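First up is the structure itself, then whatever we jot down about it.
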Amino acid sequence: MAEEEKLDESKNMSFWDHLEALRQGLFRVVIALLVAFVVLFFFKDFLFDSLILAPSRSDFFFYKWFGMTTGLQLVNIELSTQFMVHMRVTFMCAFIACCPYVIFEIWRFIAPALYQNERRATRRAFIFASFLFYLGIAVGYCIILPLIVNFFDGYKVSEAVVNTISLNSYISTVNSTVIVFGIVFEIPTLIAVLSQIGLITRQSLIAAWKWAVVIIAVLAAVITPADPFSMLIAAIPLSLLYGISILVCKSEQKEDEEDEAAAEDAAHDGR
């Protein structure tokens, strides 16, 4: 019965059939990205004025909450930069918008090879990963990016030097900050997977909390300007991620119970 559940959709599929299914999935992902790209390309004013360039202005909500100001002056010094920036930003936004669909296609490709209980666990993991990715995007854009912009805009080696930031430099900072935090927020998902295969337990994470504090402090210093306020703001969500990782991790007791249950099932099958 279990074997039938596992192979209900792929039991007669050859290697070339799996390759064809992968090709079709990739084709659908590319089409979805192209459609999203074309649609977003014509919303240039909204993407840049309301989203991408918003953290460069003092009326951004984060600056208002903390009483900050910024007077970032952006300039373009190359002929084709504005067009290329438009293309890069549109593709990034299209990828972010299509991320749930990309994850769905990955799920649809691997699901036929899984047992029924594995499918449920994997489906939950993919949903959890999508949620954390968007949460990381939001934290990177709403909190970390304004801190970086405010710090470097006000940092001067001399009053004789005026900060006039190139558009390309600003967009690169936006892209790297937002995507990096989207990826960093996938740590609990990775921890959950490592826990499922028995490499990490809840007790081991709790025991390593002192090392976690040091790593979080170093990571906060790397991804934000090295001032205490920025590091503290960045360390808060990273610490919450570590707490979430502990919650999603299996305990040693539960792992032992599962091993005992598996051993009992194997002994029963042997008889």
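The values are calculated or read from the model by the stated rules, or taken from the named source; none is laboratory data. The model shown is predicted, which means the values in this text are computed figures rather than measured ones. Cβ sites come from the backbone with ideal geometry, for glycine too, and all protein chains shown count toward neighbours.
If THR70 satisfies every condition in (1) β-branched (Val, Ile, Thr); (2) closer than 30 Å to ARG108 by Cα; (3) more than 22 Å from the chain's Cα centre (by Cα) but one, which is the exception?
Every listed condition holds for THR70 apart from (2).
Given the structure, is VAL139 hydrophobic (A, V, I, L, M, F, W, C), within 22 Å of ILE223 (Cβ to Cβ) and not in a loop (DSSP other than H, G, I, E, B)? I'd like the intermediate steps shown before the answer.
Details: hydrophobic (A, V, I, L, M, F, W, C): yes; within 22 Å of ILE223 (Cβ to Cβ): yes; not in a loop (DSSP other than H, G, I, E, B): yes.
When the stated conditions are applied, VAL139 passes them.
Among the residues of the stretch 80-89, count how many are more than 16 Å from ILE137 (Cβ to Cβ), touching a Phe, Trp or Tyr at 6+ places or on another chain (Cβ under 8 Å) and either aromatic (Phe, Trp, Tyr) or crowded, with 18+ Cβ neighbours inside 10 Å (or both).
Final tally of qualifying residues: 0.
Identify, from the list PRO55, PRO100, the residue that is at pLDDT below 90 and surrounded by 12 or more Cβ atoms within 10 Å (Cβ to Cβ). Give the derivation first.
Values: PRO55 fails: at pLDDT below 90.
Result: PRO100 is the single residue among PRO55, PRO100 that is at pLDDT below 90 and surrounded by 12 or more Cβ atoms within 10 Å (Cβ to Cβ).
May I ask you to list the residues in the stretch 145-161 that are touching a strand residue (DSSP E or B) at 6+ places or on another chain (Cβ under 9 Å) and farther than 15 Å from SER176 by Cβ?
Matches in the stretch 145-161: ASP153 only.
Among the residues of the stretch 69-80, is any part of a helix (DSSP H, G or I) and out of contact with any Gly (no Cβ under 6 Å at 6 or more places or on another chain)? Don't jump to the end; show me each part of the working.
In the first step, residues of the stretch 69-80 are kept if they are part of a helix (DSSP H, G or I); the result is none.
No, every residue in the stretch 69-80 fails to be part of a helix (DSSP H, G or I) and out of contact with any Gly (no Cβ under 6 Å at 6 or more places or on another chain).
Return the only residue of ALA129, ALA113 being surrounded by fewer than 16 Cβ atoms within 10 Å (Cβ to Cβ), assigned by TED's automatic domain parsing to the domain that holds SER169, of a type in the set (A, V, I, L, M) and within 30 Å of GLN196 (Cα to Cα).
On the way: ALA129 fails: surrounded by fewer than 16 Cβ atoms within 10 Å (Cβ to Cβ).
After applying the criteria, what remains is ALA113.
Identify all residues within the stretch 161-190 that are in a helix (DSSP H, G or I) and either in contact with a His (Cβ under 7 Å, 6 or more places away or on another chain) or at pLDDT below 85 (or both); write none if there are none.
Scanning the stretch 161-190 gives THR189, LEU190.
Residues are listed down the side, and each one gets a yes or a no for (1) of a type outside the set (D, E, K, R); (2) touching a helix residue (DSSP H, G or I) at 6+ places or on another chain (Cβ under 7 Å); (3) surrounded by 15 or more Cβ atoms within 10 Å (Cβ to Cβ):
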| position | (1), (2), (3) |
| --- | --- |
| ARG123 | no, yes, no |
| PHE133 | yes, yes, yes |
| VAL139 | yes, yes, yes |
| ILE148 | yes, yes, yes |
| ILE165 | yes, no, yes |
